[in-house]
Amino acid sequence: MTTTPRWRALTHHHLFWPVAVLVILLLVNVPFTPDFFAIKMTDGHLYGSLVSIVLFGSPLILVAVGMTLVIATGGIDLSVGAVVAITGALTCSYISDQADQSALSGVFLALGIGLAAAIVCGLWNGFLVARMGIQPIIATLIIMVAGRGVAQLITDGQIITVNSEPYKLIGGGYWLTLPFSIFIVAAVVAVTVALTRKTALGLLVESVGGNAEASRLVGIRSMRIKIMVYVFCALCAGIAGLMISSNTSAADGNNAGLWIELDAILAVVIGGTSLLGGRFSIGGTVVGALVIQTLTTTIYTIGVPTQTNLVFKAAVVIIVCLMQSPKFRAKVFGAKRGGKQTAAPAPAETAPAAEASPKMEVS
(Lines give C-alpha, C1' and ligand atoms only; values in the text may rest on other atoms or scores of the structure.)
Protein backbone atom coordinates (compact mmCIF):
# COMPACT_ATOMS: atom_id res chain seq x y z
CA MET A 1 0.00 0.00 0.00
CA THR A 2 2.80 2.40 0.91
CA THR A 3 5.01 1.37 -2.00
CA THR A 4 3.02 3.24 -4.64
CA PRO A 5 2.99 6.63 -2.84
CA ARG A 6 6.72 6.31 -2.12
CA TRP A 7 7.45 5.41 -5.72
CA ARG A 8 5.27 8.27 -6.92
CA ALA A 9 7.07 10.70 -4.61
CA LEU A 10 10.44 9.38 -5.81
CA THR A 11 9.57 9.79 -9.49
CA HIS A 12 8.35 13.34 -8.84
CA HIS A 13 11.71 14.35 -7.34
CA HIS A 14 13.50 16.78 -9.65
CA LEU A 15 16.67 14.66 -9.67
CA PHE A 16 15.03 11.29 -10.35
CA TRP A 17 14.89 11.41 -14.16
CA PRO A 18 18.34 13.00 -14.70
CA VAL A 19 19.93 10.40 -12.44
CA ALA A 20 17.93 7.60 -14.09
CA VAL A 21 19.07 8.70 -17.56
CA LEU A 22 22.68 8.98 -16.33
CA VAL A 23 22.56 5.41 -15.00
CA ILE A 24 20.99 4.13 -18.24
CA LEU A 25 23.64 5.84 -20.36
CA LEU A 26 26.38 4.32 -18.22
CA LEU A 27 24.87 0.84 -18.53
CA VAL A 28 24.49 1.18 -22.32
CA ASN A 29 28.28 1.33 -22.60
CA VAL A 30 28.83 -2.03 -20.89
CA PRO A 31 28.00 -4.32 -23.88
CA PHE A 32 30.38 -2.31 -26.07
CA THR A 33 33.09 -1.90 -23.40
CA PRO A 34 32.92 -4.77 -20.87
CA ASP A 35 35.44 -3.11 -18.53
CA PHE A 36 33.65 0.24 -18.69
CA PHE A 37 33.25 0.45 -14.91
CA ALA A 38 36.79 -0.78 -14.23
CA ILE A 39 39.13 1.69 -12.52
CA LYS A 40 42.84 0.89 -12.61
CA MET A 41 45.81 2.29 -10.73
CA THR A 42 48.78 3.08 -12.97
CA ASP A 43 51.86 4.98 -11.78
CA GLY A 44 49.93 6.17 -8.75
CA HIS A 45 47.05 7.58 -10.85
CA LEU A 46 43.51 6.30 -11.22
CA TYR A 47 42.41 5.63 -14.80
CA GLY A 48 39.12 4.43 -16.24
CA SER A 49 36.07 5.48 -18.21
CA LEU A 50 34.31 6.90 -15.15
CA VAL A 51 37.36 8.96 -14.23
CA SER A 52 37.62 10.23 -17.80
CA ILE A 53 33.95 11.29 -17.83
CA VAL A 54 34.43 13.40 -14.73
CA LEU A 55 37.78 14.73 -15.98
CA PHE A 56 36.55 15.85 -19.41
CA GLY A 57 33.25 16.99 -17.96
CA SER A 58 34.88 19.26 -15.37
CA PRO A 59 34.94 22.40 -17.58
CA LEU A 60 31.28 21.87 -18.51
CA ILE A 61 30.31 21.44 -14.86
CA LEU A 62 32.00 24.72 -13.96
CA VAL A 63 30.36 26.66 -16.78
CA ALA A 64 26.98 25.08 -16.04
CA VAL A 65 27.16 25.98 -12.33
CA GLY A 66 27.73 29.63 -13.21
CA MET A 67 25.01 29.46 -15.87
CA THR A 68 22.57 28.10 -13.26
CA LEU A 69 22.66 31.28 -11.20
CA VAL A 70 22.31 33.46 -14.31
CA ILE A 71 19.29 31.48 -15.50
CA ALA A 72 17.84 31.58 -11.98
CA THR A 73 17.66 35.37 -12.27
CA GLY A 74 15.76 35.02 -15.55
CA GLY A 75 18.80 35.70 -17.73
CA ILE A 76 21.07 33.79 -20.08
CA ASP A 77 24.78 34.02 -20.88
CA LEU A 78 25.88 33.14 -24.39
CA SER A 79 29.36 34.58 -23.93
CA VAL A 80 30.86 31.83 -21.76
CA GLY A 81 32.49 30.07 -24.72
CA ALA A 82 34.23 33.27 -25.77
CA VAL A 83 35.30 33.90 -22.16
CA VAL A 84 36.83 30.42 -22.11
CA ALA A 85 38.82 31.26 -25.25
CA ILE A 86 39.93 34.70 -23.99
CA THR A 87 41.09 33.37 -20.62
CA GLY A 88 43.08 30.54 -22.16
CA ALA A 89 44.58 32.82 -24.82
CA LEU A 90 45.73 35.48 -22.35
CA THR A 91 47.15 32.98 -19.88
CA CYS A 92 49.07 30.90 -22.42
CA SER A 93 50.25 34.02 -24.25
CA TYR A 94 51.81 35.42 -21.08
CA ILE A 95 53.39 32.09 -20.08
CA SER A 96 54.85 31.55 -23.54
CA ASP A 97 56.62 34.90 -23.35
CA GLN A 98 58.45 33.98 -20.13
CA ALA A 99 62.04 32.81 -20.15
CA ASP A 100 61.18 30.15 -17.54
CA GLN A 101 57.67 28.93 -18.27
CA SER A 102 57.65 26.77 -15.14
CA ALA A 103 58.34 29.66 -12.75
CA LEU A 104 55.51 29.80 -10.20
CA SER A 105 55.50 33.59 -10.06
CA GLY A 106 54.95 33.84 -13.80
CA VAL A 107 52.28 31.13 -13.81
CA PHE A 108 50.34 32.75 -10.94
CA LEU A 109 50.53 36.14 -12.62
CA ALA A 110 49.28 34.62 -15.87
CA LEU A 111 46.38 33.00 -14.01
CA GLY A 112 45.53 36.33 -12.43
CA ILE A 113 45.55 38.10 -15.81
CA GLY A 114 43.30 35.47 -17.38
CA LEU A 115 40.77 35.43 -14.53
CA ALA A 116 40.78 39.24 -14.34
CA ALA A 117 39.82 39.36 -18.02
CA ALA A 118 36.99 36.91 -17.32
CA ILE A 119 35.71 39.09 -14.48
CA VAL A 120 35.79 42.15 -16.74
CA CYS A 121 33.66 40.29 -19.29
CA GLY A 122 31.21 39.38 -16.54
CA LEU A 123 31.03 42.98 -15.35
CA TRP A 124 30.34 44.12 -18.91
CA ASN A 125 27.52 41.60 -19.32
CA GLY A 126 26.05 42.51 -15.95
CA PHE A 127 26.24 46.23 -16.73
CA LEU A 128 24.41 45.82 -20.03
CA VAL A 129 21.70 43.60 -18.53
CA ALA A 130 21.16 45.21 -15.12
CA ARG A 131 21.99 48.87 -15.72
CA MET A 132 21.20 49.39 -19.39
CA GLY A 133 18.20 47.07 -19.46
CA ILE A 134 19.32 45.20 -22.59
CA GLN A 135 17.87 41.73 -23.09
CA PRO A 136 20.37 39.15 -21.73
CA ILE A 137 20.49 37.15 -24.96
CA ILE A 138 21.47 40.30 -26.90
CA ALA A 139 23.85 41.68 -24.26
CA THR A 140 25.83 38.45 -23.97
CA LEU A 141 25.74 37.86 -27.72
CA ILE A 142 28.07 40.85 -28.06
CA ILE A 143 30.95 39.14 -26.27
CA MET A 144 30.02 35.79 -27.81
CA VAL A 145 30.83 37.24 -31.22
CA ALA A 146 33.43 39.89 -30.43
CA GLY A 147 35.15 37.87 -27.69
CA ARG A 148 36.03 35.06 -30.04
CA GLY A 149 37.66 37.63 -32.33
CA VAL A 150 39.55 39.13 -29.37
CA ALA A 151 40.90 35.69 -28.49
CA GLN A 152 42.16 35.22 -32.04
CA LEU A 153 43.77 38.66 -31.95
CA ILE A 154 45.61 37.70 -28.75
CA THR A 155 46.93 34.52 -30.36
CA ASP A 156 47.49 36.13 -33.78
CA GLY A 157 45.26 33.46 -35.27
CA GLN A 158 47.72 30.76 -34.20
CA ILE A 159 47.64 28.00 -31.59
CA ILE A 160 49.92 29.05 -28.74
CA THR A 161 51.69 26.14 -27.04
CA VAL A 162 53.31 26.22 -23.62
CA ASN A 163 55.59 23.88 -21.70
CA SER A 164 54.83 24.58 -18.07
CA GLU A 165 54.50 21.80 -15.50
CA PRO A 166 52.76 23.98 -12.87
CA TYR A 167 50.22 25.14 -15.43
CA LYS A 168 49.75 21.58 -16.71
CA LEU A 169 48.63 20.57 -13.22
CA ILE A 170 45.36 22.54 -13.44
CA GLY A 171 43.71 20.56 -16.21
CA GLY A 172 46.01 17.63 -16.84
CA GLY A 173 47.73 16.92 -13.53
CA TYR A 174 46.94 14.51 -10.71
CA TRP A 175 46.78 14.89 -6.94
CA LEU A 176 46.02 12.14 -4.43
CA THR A 177 45.61 9.68 -7.36
CA LEU A 178 42.76 11.75 -8.90
CA PRO A 179 42.79 14.42 -11.63
CA PHE A 180 43.44 17.80 -10.04
CA SER A 181 40.57 19.39 -11.97
CA ILE A 182 38.11 17.24 -9.99
CA PHE A 183 39.21 18.93 -6.77
CA ILE A 184 38.81 22.36 -8.37
CA VAL A 185 35.27 21.52 -9.49
CA ALA A 186 34.41 20.05 -6.09
CA ALA A 187 35.65 23.20 -4.36
CA VAL A 188 33.69 25.54 -6.65
CA VAL A 189 30.50 23.48 -6.30
CA ALA A 190 30.88 23.26 -2.52
CA VAL A 191 31.41 27.01 -2.17
CA THR A 192 28.46 27.74 -4.46
CA VAL A 193 26.14 25.43 -2.52
CA ALA A 194 27.31 26.88 0.79
CA LEU A 195 26.70 30.46 -0.34
CA THR A 196 23.34 29.81 -1.96
CA ARG A 197 21.86 27.34 0.55
CA LYS A 198 23.46 28.26 3.86
CA THR A 199 22.95 32.00 3.44
CA ALA A 200 20.15 34.20 2.12
CA LEU A 201 21.94 34.65 -1.21
CA GLY A 202 20.08 31.76 -2.84
CA LEU A 203 16.69 33.18 -1.84
CA LEU A 204 17.68 36.60 -3.16
CA VAL A 205 18.68 35.11 -6.52
CA GLU A 206 15.43 33.15 -6.74
CA SER A 207 13.36 36.20 -5.80
CA VAL A 208 15.01 38.31 -8.50
CA GLY A 209 14.33 35.56 -11.04
CA GLY A 210 10.72 35.26 -9.88
CA ASN A 211 9.95 38.99 -10.09
CA ALA A 212 12.82 41.48 -10.28
CA GLU A 213 10.58 44.55 -9.90
CA ALA A 214 8.77 43.18 -6.86
CA SER A 215 12.14 42.25 -5.33
CA ARG A 216 13.35 45.82 -5.85
CA LEU A 217 10.24 47.25 -4.21
CA VAL A 218 10.75 45.18 -1.07
CA GLY A 219 14.34 46.36 -0.73
CA ILE A 220 16.34 43.74 -2.61
CA ARG A 221 19.04 45.25 -4.80
CA SER A 222 18.15 43.26 -7.89
CA MET A 223 20.64 45.11 -10.13
CA ARG A 224 23.51 44.21 -7.83
CA ILE A 225 22.37 40.59 -7.69
CA LYS A 226 22.24 40.37 -11.48
CA ILE A 227 25.70 41.88 -11.92
CA MET A 228 27.07 39.52 -9.31
CA VAL A 229 25.73 36.36 -10.99
CA TYR A 230 27.08 37.41 -14.40
CA VAL A 231 30.49 38.03 -12.86
CA PHE A 232 30.37 34.65 -11.13
CA CYS A 233 29.34 32.93 -14.37
CA ALA A 234 32.24 34.55 -16.24
CA LEU A 235 34.64 33.59 -13.45
CA CYS A 236 33.52 29.95 -13.70
CA ALA A 237 33.99 30.11 -17.48
CA GLY A 238 37.45 31.58 -16.92
CA ILE A 239 38.46 28.69 -14.66
CA ALA A 240 37.09 26.28 -17.26
CA GLY A 241 39.22 28.05 -19.87
CA LEU A 242 42.30 27.48 -17.72
CA MET A 243 41.42 23.79 -17.46
CA ILE A 244 40.92 23.34 -21.19
CA SER A 245 44.12 25.15 -22.22
CA SER A 246 46.09 23.51 -19.41
CA ASN A 247 44.97 20.02 -20.41
CA THR A 248 46.22 20.52 -23.96
CA SER A 249 49.09 22.87 -23.03
CA ALA A 250 47.84 25.14 -25.78
CA ALA A 251 45.43 27.99 -26.45
CA ASP A 252 43.19 27.89 -29.51
CA GLY A 253 41.27 31.13 -29.83
CA ASN A 254 39.03 29.70 -32.54
CA ASN A 255 37.93 26.35 -31.08
CA ALA A 256 38.44 26.56 -27.31
CA GLY A 257 35.07 26.43 -25.58
CA LEU A 258 33.21 26.39 -28.89
CA TRP A 259 29.46 25.85 -28.25
CA ILE A 260 30.07 25.07 -24.58
CA GLU A 261 27.37 27.62 -23.76
CA LEU A 262 24.75 25.42 -25.42
CA ASP A 263 25.85 22.32 -23.50
CA ALA A 264 25.83 24.35 -20.29
CA ILE A 265 22.27 25.55 -20.90
CA LEU A 266 21.19 21.97 -21.66
CA ALA A 267 22.85 20.77 -18.45
CA VAL A 268 20.97 23.39 -16.43
CA VAL A 269 17.63 22.48 -18.01
CA ILE A 270 18.21 18.74 -17.59
CA GLY A 271 19.03 19.43 -13.95
CA GLY A 272 15.56 20.85 -13.41
CA THR A 273 16.13 24.61 -13.43
CA SER A 274 13.51 26.54 -15.41
CA LEU A 275 14.66 28.97 -18.10
CA LEU A 276 11.99 31.36 -16.79
CA GLY A 277 14.03 31.91 -13.62
CA GLY A 278 13.27 31.32 -9.97
CA ARG A 279 14.11 28.07 -8.20
CA PHE A 280 17.38 26.40 -9.15
CA SER A 281 19.32 23.26 -8.31
CA ILE A 282 23.12 23.14 -8.26
CA GLY A 283 23.08 19.38 -7.69
CA GLY A 284 20.74 18.92 -10.64
CA THR A 285 23.06 20.98 -12.83
CA VAL A 286 26.04 18.80 -11.92
CA VAL A 287 24.03 15.68 -12.80
CA GLY A 288 22.90 17.32 -16.04
CA ALA A 289 26.50 18.12 -17.02
CA LEU A 290 27.51 14.52 -16.31
CA VAL A 291 24.61 13.35 -18.49
CA ILE A 292 25.86 15.52 -21.38
CA GLN A 293 29.45 14.28 -20.99
CA THR A 294 28.37 10.64 -20.60
CA LEU A 295 26.22 11.00 -23.70
CA THR A 296 29.23 12.29 -25.63
CA THR A 297 31.29 9.33 -24.40
CA THR A 298 28.50 6.89 -25.27
CA ILE A 299 28.25 8.25 -28.81
CA TYR A 300 31.89 7.39 -29.43
CA THR A 301 31.69 4.08 -27.55
CA ILE A 302 28.77 2.60 -29.48
CA GLY A 303 30.12 3.87 -32.78
CA VAL A 304 27.47 6.37 -33.82
CA PRO A 305 28.50 7.81 -37.22
CA THR A 306 30.12 11.22 -36.97
CA GLN A 307 27.63 12.83 -39.32
CA THR A 308 24.69 11.78 -37.12
CA ASN A 309 26.09 12.16 -33.61
CA LEU A 310 24.57 15.61 -33.12
CA VAL A 311 21.14 14.30 -34.12
CA PHE A 312 21.53 11.36 -31.73
CA LYS A 313 22.58 13.71 -28.94
CA ALA A 314 19.62 16.01 -29.57
CA ALA A 315 17.18 13.07 -29.56
CA VAL A 316 18.40 11.87 -26.17
CA VAL A 317 18.19 15.38 -24.71
CA ILE A 318 14.61 15.73 -25.98
CA ILE A 319 13.66 12.43 -24.34
CA VAL A 320 15.18 13.51 -21.03
CA CYS A 321 13.36 16.85 -21.10
CA LEU A 322 10.05 15.17 -21.96
CA MET A 323 10.40 12.67 -19.12
CA GLN A 324 10.98 15.57 -16.74
CA SER A 325 7.82 17.35 -17.87
CA PRO A 326 4.90 16.75 -15.45
CA LYS A 327 2.37 17.44 -18.23
CA PHE A 328 3.98 14.89 -20.55
CA ARG A 329 4.08 12.23 -17.81
CA ALA A 330 0.46 12.98 -16.89
CA LYS A 331 -0.69 12.58 -20.50
CA VAL A 332 1.29 9.42 -21.23
CA PHE A 333 1.23 7.52 -17.94
CA GLY A 334 -1.91 9.13 -16.54
CA ALA A 335 -3.93 8.14 -19.62
CA LYS A 336 -2.94 4.50 -19.17
CA ARG A 337 -3.93 4.47 -15.50
CA GLY A 338 -7.17 6.30 -16.30
CA GLY A 339 -8.10 3.78 -19.00
CA LYS A 340 -7.77 0.91 -16.56
CA GLN A 341 -9.91 2.55 -13.89
CA THR A 342 -12.83 3.90 -15.98
CA ALA A 343 -14.86 0.63 -16.07
CA ALA A 344 -14.55 -0.17 -12.34
CA PRO A 345 -16.98 2.39 -10.81
CA ALA A 346 -19.91 1.35 -13.09
CA PRO A 347 -21.43 -1.41 -10.85
CA ALA A 348 -21.31 0.84 -7.78
CA GLU A 349 -23.38 3.50 -9.57
CA THR A 350 -26.12 1.05 -10.72
CA ALA A 351 -26.73 -0.42 -7.25
CA PRO A 352 -28.43 2.67 -5.75
CA ALA A 353 -30.71 2.90 -8.82
CA ALA A 354 -31.90 -0.67 -8.34
CA GLU A 355 -32.69 0.02 -4.69
CA ALA A 356 -34.51 3.25 -5.51
CA SER A 357 -37.16 1.66 -7.79
CA PRO A 358 -38.84 -0.53 -5.08
CA LYS A 359 -39.10 2.48 -2.80
CA MET A 360 -41.02 4.37 -5.45
CA GLU A 361 -43.47 1.43 -5.80
CA VAL A 362 -44.15 1.32 -2.03
CA SER A 363 -44.94 4.99 -1.92
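The values are calculated or read from the model by the stated rules, or taken from the named source; none is laboratory data. This is a predicted model, so every value here is computed, not measured. Glycine gets a Cβ as well: all are built from the backbone with ideal geometry, and neighbour counts include every protein chain shown. Each accessible area value is taken on the protein alone, full model and side chains, heavy atoms only, with ligands, DNA and RNA left out. Shrake-Rupley method; radii C 1.70, N 1.55, O 1.52, S 1.80 Å.
The table for this structure:
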read-out: Convex hull of Cα atoms in region 84-180, direction-averaged projection (nm²); value: 7.5 nm²
read-out: Given (i) 21.9; (ii) 20.6; (iii) 22.7, the label whose value is Kirkwood radius over Cα pairs in Å derived from this model; value: (iii)
read-out: MRE, 222 nm, helices only [DSSP H, n ≥ 4, -39500 (n - 2.57), over the chain, to nearest 500]; value: -23000 deg cm²/dmol
read-out: Those residues of region 193-229 whose amide nitrogen sits under 18 Å from the label point placed on K327, 7 Å along Cα→Cβ; value: none
read-out: Carbon plus sulfur fraction of accessible area for the chain, probe 1.4 Å, in percent; value: 68 percent
read-out: Karplus-derived HN-Hα couplings along region 98-110 (A = 6.51, B = -1.76, C = 1.60, θ = phi - 60°), whole Hz, x at Gly and Pro; value: 7, 5, 10, 5, 9, 5, 4, 4, x, 5, 5, 5, 5
read-out: Around L109: net Lys/Arg minus Asp/Glu count, Cβ-Cβ under 15 Å; value: -2
read-out: Student exercise, region 45-292 dipole from Lys, Arg, Asp, Glu Cβ charges, in Debye to nearest 20; value: 820 debye
read-out: For region 45-292: relative contact order, % (alpha-carbon pairs under 8 angstrom, 6 or more apart); value: 41 percent
read-out: Mean-position separation - Cα centroids, region 122-173 and region 46-92, in angstrom; value: 12 Å
read-out: Hz values of 3J(HN,Hα) by residue in region 22-31 - Karplus curve (6.51, -1.76, 1.60), Gly and Pro given as x; value: 4, 5, 4, 4, 5, 5, 4, 6, 4, x
read-out: Table column - 3J(HN,Hα) (Hz), region 234-249, Karplus curve with 6.51, -1.76, 1.60, x for Gly and Pro; value: 5, 5, 4, 5, x, 5, 4, x, 5, 4, 5, 5, 5, 5, 9, 6
read-out: Dipole axis of the chain (+1 Lys, Arg; -1 Asp, Glu on Cβ), positive-most option in T140, I282, S164; value: I282
read-out: Long-range HN-HN contacts of Y174 with modeled amide H, under 5 Å; value: F180
read-out: Ordering of 241-253, 116-128 by packing [mean C-beta count within 10 Å, highest first]; value: 241-253, 116-128
read-out: Computed P(r) (all Cα pairs; region 227-305; 5 Å bins; percent); value: 3, 13, 16, 23, 21, 13, 7, 2, 0
read-out: 0 to 90° range, to nearest 10: angle between helix 80-96 axis and the chain longest Cα axis; value: 20 degrees
read-out: Point-to-point label distance, D97-N255, nm (Cα→Cβ direction, 7 Å offset); value: 2.6 nm
